[in-house]
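The values are calculated or read from the model by the stated rules, or taken from the named source; none is laboratory data. Treat the numbers as computed from the prediction; the structure is a model and nothing was measured. Cβ coordinates were reconstructed from backbone atoms using ideal geometry, including for glycine residues, and neighbour counts include every protein chain displayed.
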Amino acid sequence: MSAPSPAKSKSKSARKALSPEAANLQRSILHYLKYKMGRDLESATRRDWWIATATAIRDRMIERGLDTYKAHRVGNVRRLYYLSLEYLIGRLMLNNLINLGLHEPLVEALADVGQDFEVVRAQEEDMGLGNGGLGRLAACYLDSLSTMDLPAVGYGIHYEFGLFRQEFVNGHQVEHPDNWLIYGAPWELVRPEFTQPVRLFGRCEQIFDDRGNFQWRWVDTKTILGFPFDIPVVGYGTKTVNILRLWASKATEDFDLKTFNDGGYIEAVREKAYGETISKVLYPNDKTENGKELRLVQQYFFVTCSLRDIIRRHFSNPANGWDNFADKVAIQLNDTHPALAVVELMRILLDEEGMAFERAWGIVTQVFAYTNHTLLPEALERWSVPLFQRVLPRHLLIVYQINDHLMALCEAKWPGDNEKKRVISLIEEGGPRAVRMANLSVVGSFAVNGVAELHTRLLRAQLFPEFDALYPGKFINVTNGITPRRWLRACNPRLSALINSKIGDAWPRDLDQLKKLEKWADDPKFQDEFMAIKRLNKLDLAAIIKRDCGVDVSPDALFDVQIKRLHEYKRQHLNLLHILALYRRLVQNPDLDLVPRVFVFAAKAAPGYDLAKAIIKSINAVAARVNHDPRVNGKLKVVFLPNYRVSLASRIIPAADLSEQISTAGKEASGTGNMKLALNGALTIGTLDGANVEIKEEVGDDNIFIFGLTVEEVQALRARGYNPWDYYHADEELRAVLDWLGSDYFVPGESPNLPAMVRASLLEGGDPYLALADFRAYCDAQARVDAAYRDRRRWARMAILNTARVGKFSSDRSIGEYADKIWKLKPVTVA
Ligand code: 26W
């Protein structure tokens, strides 16, 4: 790994003349290899090559970044500020090169000094500063904002440790720290001049201002610092380079000088360490928030640094003031995680600017917009009032003040209706009191959006019906999207080249052009080329499976993939029950005519989510049996690839034949993996949930395998009283596989018996996500998949039509809708 990677000496005469672009890049790389890394061609390691190369590329990004900044500043343009606690960026080298148009010259420049670009770029650690869909969506949106020349800044936290690295030990998930910064992060620029102070804790006191009015003062606070790192974000084929600004926490120099001088040296240093703890680690939960103080502090830290930076930038132009703040600034809240920004901006306007409540509220509610990403009640953030009071005493008073205003609105609309007030209130009463961050986000924003048509419908009708009545027109839909640059152009070069050969190369900026591929859907030659590419991608994935799981798989089998966070509502265990059913049919009849399948899983479970971890263990245990059972005769393989992350997704997706999108209807807000897989020619087997509904509309009913209960049917079944035992008793095969899972057959002698725990969750535990209710329909849909795959021509046609018809799901379309409907943002061309 760190052994020198010496340049293979090529005689001058053997070299082909480099293109001017390649020669330039090479000069720059060799410069950094020597003066940044302190290496010559003989002693440089692969990592040295990687850092030197990334730094040379970054230079090109900085040049365009300066031009962009100038165009935005001179034009005093309206900007979008995207606030997200998570960015799942993955690796940047290949995408930056493609977006800059420097991929080929760079490959050439490296080859000329004996370095293989693929080896060099594989040195890059994923930037894994996010949990799942929400974080990856933020990364796709940054790509589109730059590509569409929209002025934007992304704000986030510079976590020292991103999402944990996952390993399997005897089939169990084991978490390790993700030390992504250890060898340096060459894309980022340090910006010490924009350091921000952050106050926390303390108490409030009332004082009189010079006009004899009461004013609140927040005193006896602790101060820490927010220190910014900038990551340039390059647009594809444009000059715009926006930035992602990530805040790291630092202790102040004079942190608690008083304690220090009083002789409390150790105490002072200990408190200093607290300051540095704040941005240490990403919370690995993607659903339940367990009310941890540090998480609230992280949210406030992030929000205040970002807001102060936004305000500083606005006022750096003498033409600007508070009167035009909302004309120049739009702030998008990526879920409720940054919702404290609403309160913090109020605090700044009330306490620091001395504004009256009405004027301050008028500004705030013209600036913020909120995206909701989930309907699951346990994922809706609530902060206990005592905790909130301890960390942010002044902010709690402002929450109460906003709530008074809200209650007055509610009284005007529904006089005397206390039930309406109870559900709408920012404060949850009864039991421990809590601040409802979703309600705060709705009230503080001028627009609220869901992330797929179905999700937005349910948001309005079921989560926020009172708010929808109180604020007509506030709720809108913007269906999610994915960047075609990363999720087709970069991750699937073979398919990209085939597409280019048919329809030209404009599609990465205008994904609807893929429609033109429809006319070759029935062309046998095109079908053969398309499927040959799929097979090569499967061969590549097979090598990764061999390396990481030690299992041999055939590229001629159907690759059936489910890749996403591990959660009960996503129902990886439903997939497992089907695998068990196939396995059982096979061992009872080894001659059974089955299309050979490779089931591919990849998923991380939240470290505290025991049932999710039990599902991982169960899949691994079944895999170990199935893969070594001679009766199966290679017809079934099950692999669970460890450490799912963006760079692994980009290897699995191009190789997938079948995309598992099998959440309980009404639970998956949108999904975005479903879009990436369809774009790469995988067929979806899925429920009518999230964006699956819209994928079905686009690709057509004949080109997708839909099954299972609809949202309405799920609700009706629940209302009747769902009893999983009814399904257990009524279906012999289901009963057999559940009992098999619950025995110790797959985990002989192991205690606790985790597969038995999974079975129990589905029976005694009540099966909260109705896996058993959908089991038979799912098996039937899988049988239709089996039949379709046998007809090679039919399958190829369906796969091609999936690629051709999912142009809608480009994140450029999503960002275009946000820009028009919410942000009122215009493109700015950079000279
Ligand atoms: C409070 C802890 C916490 C952290 C993250 C709660 C919830 C989250 C996210 C909302 C989880 C998430 O990633 N949601 C996903 O967002 C995607 C982008 O909109 C959607 O495609 C997925 O359906 C949704 O689950």
- Message: Please go through (1) more than 30 Å from Leu97 (Cβ to Cβ); (2) surrounded by fewer than 17 Cβ atoms within 10 Å (Cβ to Cβ) for Ala268 and return the number of the only condition it doesn't satisfy.
- Response: (2)
- Query: Which residues, counting only those in region 70-93, are farther than 19 Å from Asn324 by Cα and out of contact with any strand residue (DSSP E or B) (no Cβ under 8 Å at 6 or more places or on another chain)?
  - Reply: Lys70, Ala71, Met93
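Okay, residues lined up against (1) within 16 Å of the ligand (Cβ to nearest atom); (2) at pLDDT 95 or above; (3) more than 17 Å from Val442 (Cα to Cα):
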site: Ala339; (1), (2), (3): yes, yes, no
site: Ser384; (1), (2), (3): yes, yes, yes
site: Leu392; (1), (2), (3): no, yes, yes
site: Leu409; (1), (2), (3): no, yes, no
site: Ala412; (1), (2), (3): no, yes, yes
- Task: Can you tell me which residue among Leu350, Leu397 is part of a helix (DSSP H, G or I), more than 16 Å from the ligand (Cβ to nearest atom) and buried (at least 18 other Cβ atoms within 10 Å of the Cβ)?
- Result: Leu350
- Query: Can you tell me which residues in region 449-463 are free of Cβ contacts under 8 Å to residues at least 24 places away in the same chain and either away from the ligand (no atom under 12 Å from the Cβ) or in contact with a helix residue (DSSP H, G or I) (Cβ under 6 Å, 6 or more places away or on another chain) (or both)?
  - Reply: Arg457, Arg460, Ala461
- Task: Determine, yes or no, whether Leu376 is within 16 Å of the ligand (Cβ to nearest atom), closer than 19 Å to Gly135 by Cα, surrounded by fewer than 18 Cβ atoms within 10 Å (Cβ to Cβ) and among the hydrophobic types (A, V, I, L, M, F, W, C).
- Result: yes
- Query: Has region 685-697 got at least one residue that is among the acidic types (Asp, Glu) and outside any helix (DSSP H, G or I)?
  - Reply: yes
- List the strands (runs of 3 or more DSSP E) that sit entirely inside region 116-205 and contain at least 3 residues that are surrounded by fewer than 17 Cβ atoms within 10 Å (Cβ to Cβ), under 15 Å from the mean Cα position of the chain (by Cα) and basic (Lys, Arg). none
- Query: When Leu296 is evaluated against the numbered criteria (1) hydrophobic (A, V, I, L, M, F, W, C); (2) away from the ligand (no atom under 16 Å from the Cβ); (3) more than 20 Å from the chain's Cα centre (by Cα); (4) crowded, with 18+ Cβ neighbours inside 10 Å, which criterion, by number, is the only one it fails?
  - Reply: (2)
- Task: From the list Leu66, Leu83, pick out the single residue that is buried (at least 24 other Cβ atoms within 10 Å of the Cβ) and among the hydrophobic types (A, V, I, L, M, F, W, C).
- Result: Leu83
- Query: Would you pick out the residues in region 663-713 that are among the hydroxyl-bearing types (Ser, Thr, Tyr), away from the ligand (no atom under 13 Å from the Cβ) and over 11 Å from Asn802 (Cβ atoms)?
  - Reply: Thr710
- Item | Number of the exception - Gln215 against (1) modelled with pLDDT under 90; (2) outside any strand (DSSP E or B); (3) surrounded by fewer than 19 Cβ atoms within 10 Å (Cβ to Cβ) | (2)
- Task: Might you let me know whether region 430-440 holds any residue that is in a loop (DSSP other than H, G, I, E, B) and surrounded by 16 or more Cβ atoms within 10 Å (Cβ to Cβ)?
- Result: no
